[in-house]
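The values are calculated or read from the model by the stated rules, or taken from the named source; none is laboratory data. On a predicted model such as this, the values are computed, not experimentally measured, just so you know. So basically every Cβ, Gly included, is an ideal-geometry build from the backbone, and we count neighbours across all protein chains shown.
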Amino acid sequence: MTHILDDGRRTLAARVALTQRIDRGGVVLSSRLAGAFLNVPRHLFVPAFYRCDGERFVPWRATGPDPEAWLDAVYADNSLITEVDGVHAEDAGPDGPTGAGVPTSSSTAPSLMADMLDALDVEEGHEVYEAGTGTGYNAGLLCFLAGDKHVTTIDRTEALTDKARPRLHSAGFDPLVVHGDGARDFPADASYDRIIATASVRRVPPEWTARLRPGGVMVVPVKGTLAGGMVARLTKLADGAAVGHILHTPAAFMPLRSDTRAPAPPPALEDGPRRNTGLSARVLDDWTFSFFAQLHMGPGVVRTYGKNGDGLHVTTLHDPADGSTARVADTPQGASTVIVGGPRDLWEPVESAYRLWRELNRPRREWFTIEVAAGEQVVSHTAPDGRVRRWAL
Ligand SMILES: C[S@@+](CC[C@H](N)C(=O)[O-])C[C@H]1O[C@@H](n2cnc3c(N)ncnc32)[C@H](O)[C@@H]1O
């Protein structure tokens, strides 16, 4: 019997359905972008990925017992986790990694890729740099749009670039696939018309602004420890600064990691000065607010969260720079309590961000602008009364 992946009509039908699904959603696809999604087969790049089974990540392969369901999952508009704690789904045992695990590579949800590629506005012949090769699927779309000889893609994990290179080749593309740190490793003297990151940064790496040609565009997920980050679209000006706006799409990309050390876990904080707060830390799970809260938190602040012994929500904020810690817990009575440790109360900026967010009538991401210049990166919002508010990234 023919395997489903050898049935060209079936895989083409899956790409047509996916392209229509993206187009019917929030992204109106240009004909070139629709052409990219129709012509670049996602299944070539994800022969195995993880599906979530409760708390566990279980590998799901094209060669498994239900290839139809597998193909449907490949062409659903979902992100596909391909690596957990550095273990690729192709190399994992049948039960996957032990423990809950943290995803370290994935293929992004196609509609989010489409939004970002639409903002990137790639023309044939543009020199394009992608930080975060992952599976290589987005690089394939970039090759379709710019021409493969104009695309460079980089990932910090060599096993991923080694897998992506032949897969891109089998899709008909031979871009430059580099193993290295996307924040600072570039071919000598290279400059680009377009730069796209598919991993998030807290601040735009200076090398990206430096390597972007005047008039060039970069699309960069900007995110801290909170989910629901922002995607910035920036154009390089003649004076060397890059300015632009935030896209409407929330994006929780995994971080671009430039060092290999695991972040230190926050200290347990069971005791200390205690106060009540009218704001449950569950508010940070609201992606329409969390990007705004992030602007008010120091660049190094880390959030961890879970449930306490009573099954109630607990969030811990920790700033490794000065040791400040806040533990915010829901209580059975309804109010939440904050226990504070170290020199600063880390919950207070979130409370004042929430008040301002309400006062500004819950501003949407796309009402914010961003400016990246030497030494300064600022997000701004102009209220209808003309008052401008600015936050340093
Ligand atoms: C969401 S995945 C990228 C998805 C990819 N564009 C695709 O189409 O499959 C994020 C990737 O960023 C990579 N990454 C993390 N830190 C990096 C760094 N400093 N330089 C380059 N890549 C990095 C991870 O290894 C991971 O593969």
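Looking only at residues of region 205-222 that are within 13 Å of the ligand (Cβ to nearest atom) and assigned to a helix (DSSP H, G or I), we find that the one that is surrounded by the most Cβ atoms within 10 Å (Cβ to Cβ) is Trp208. When restricted to residues that are surrounded by fewer than 18 Cβ atoms within 10 Å (Cβ to Cβ), of a type in the set (D, E, K, R) and under 23 Å from Leu317 (Cβ atoms), region 352-370 contains 4.
With respect to Arg202, determine if the residue is of a type in the set (Lys, Arg) and surrounded by 22 or more Cβ atoms within 10 Å (Cβ to Cβ). Here the answer is no, as Arg202 does not meet what is asked.
Name the pairs whose Cβ atoms lie under 6 Å apart, with the first residue in region 155-184 and in a helix (DSSP H, G or I), the second within 12 Å of the ligand (Cβ to nearest atom) and among the aromatic types (Phe, Trp, Tyr), and 6 or more positions between them or separate chains? Partner pairs satisfying both residue conditions: Arg167/Phe45. Filtering region 96-111 to residues that are at pLDDT 95 or above, crowded, with 19+ Cβ neighbours inside 10 Å and part of a loop (DSSP other than H, G, I, E, B) leaves only Thr108. Can you pull out every residue in region 158-193 that is touching a His at 6+ places or on another chain (Cβ under 9 Å) and of a type in the set (A, V, I, L, M, F, W, C)? Result: Ala159, Leu160.
Here is a yes/no grid of residues against (1) under 21 Å from Thr157 (Cβ atoms); (2) outside any loop (DSSP other than H, G, I, E, B); (3) touching a His at 6+ places or on another chain (Cβ under 7 Å); (4) of a type outside the set (Lys, Arg):
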{"position": "Val46", "(1), (2), (3), (4)": "yes, no, no, yes"}
{"position": "Phe49", "(1), (2), (3), (4)": "yes, yes, no, yes"}
{"position": "Phe57", "(1), (2), (3), (4)": "yes, yes, no, yes"}
{"position": "Trp60", "(1), (2), (3), (4)": "yes, yes, no, yes"}
{"position": "Pro65", "(1), (2), (3), (4)": "no, no, no, yes"}
{"position": "Ala69", "(1), (2), (3), (4)": "no, yes, no, yes"}
{"position": "Ala76", "(1), (2), (3), (4)": "no, no, no, yes"}
{"position": "Pro94", "(1), (2), (3), (4)": "no, no, no, yes"}
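Restricting Gly134, Gly147, Gly125 to residues that are of a type in the set (Gly, Ala, Ser), in the same structural domain as Arg32 (by TED's automatic domain parsing) and touching a residue at least 60 places away in the same chain (Cβ under 8 Å) narrows the list to Gly134. The criterion of being in the same structural domain as Arg194 (by TED's automatic domain parsing), touching a residue at least 24 places away in the same chain (Cβ under 8 Å) and of a type in the set (A, V, I, L, M, F, W, C) does not hold for Ala251. Please verify whether Tyr129 is of a type in the set (Phe, Trp, Tyr) and more than 13 Å from the ligand (Cβ to nearest atom), treating the condition exactly as stated. Answer is no for this residue. Only residues that are more than 22 Å from Asn39 (Cα to Cα) and surrounded by fewer than 22 Cβ atoms within 10 Å (Cβ to Cβ) were counted across region 152-177, and they come to 4. Taking the condition of being surrounded by fewer than 21 Cβ atoms within 10 Å (Cβ to Cβ) and either part of a strand (DSSP E or B) or of a type in the set (Val, Ile, Thr) (or both), how many residues in region 237-247 meet it? Going through region 237-247 one residue at a time, the tally reaches 3. Leu234 meets each of the listed conditions (1) part of a loop (DSSP other than H, G, I, E, B); (2) on the phi < 0 side of the Ramachandran plot; (3) assigned by TED's automatic domain parsing to the domain that holds Glu83 apart from (1). Exactly one of (1) in a helix (DSSP H, G or I); (2) closer than 23 Å to Ser31 by Cβ; (3) free of Cβ contacts under 8 Å to residues at least 40 places away in the same chain is unmet by Ala114. Its number? The one condition Ala114 does not meet is (3). In region 43-59, the residues that are within 13 Å of the ligand (Cβ to nearest atom) form Cβ pairs under 6 Å with partners that are at pLDDT 90 or above and in a loop (DSSP other than H, G, I, E, B), at six or more places apart or across chains, as follows: Leu44/Ala171; Phe45/Thr135; Phe45/Gly136; Val46/Thr135; Phe49/Ala89.
Any residue at all in region 130-140 that's assigned to a helix (DSSP H, G or I), over 16 Å from the mean Cα position of the chain (by Cα) and within 22 Å of Ala14 (Cβ to Cβ)? Within region 130-140 (the criterion being assigned to a helix (DSSP H, G or I), over 16 Å from the mean Cα position of the chain (by Cα) and within 22 Å of Ala14 (Cβ to Cβ)), the answer is yes, since at least one residue qualifies. The set of residues from region 282-307 being touching a strand residue (DSSP E or B) at 6+ places or on another chain (Cβ under 8 Å), among the aromatic types (Phe, Trp, Tyr) and within 22 Å of Ala335 (Cα to Cα) comprises just one member, Tyr305.
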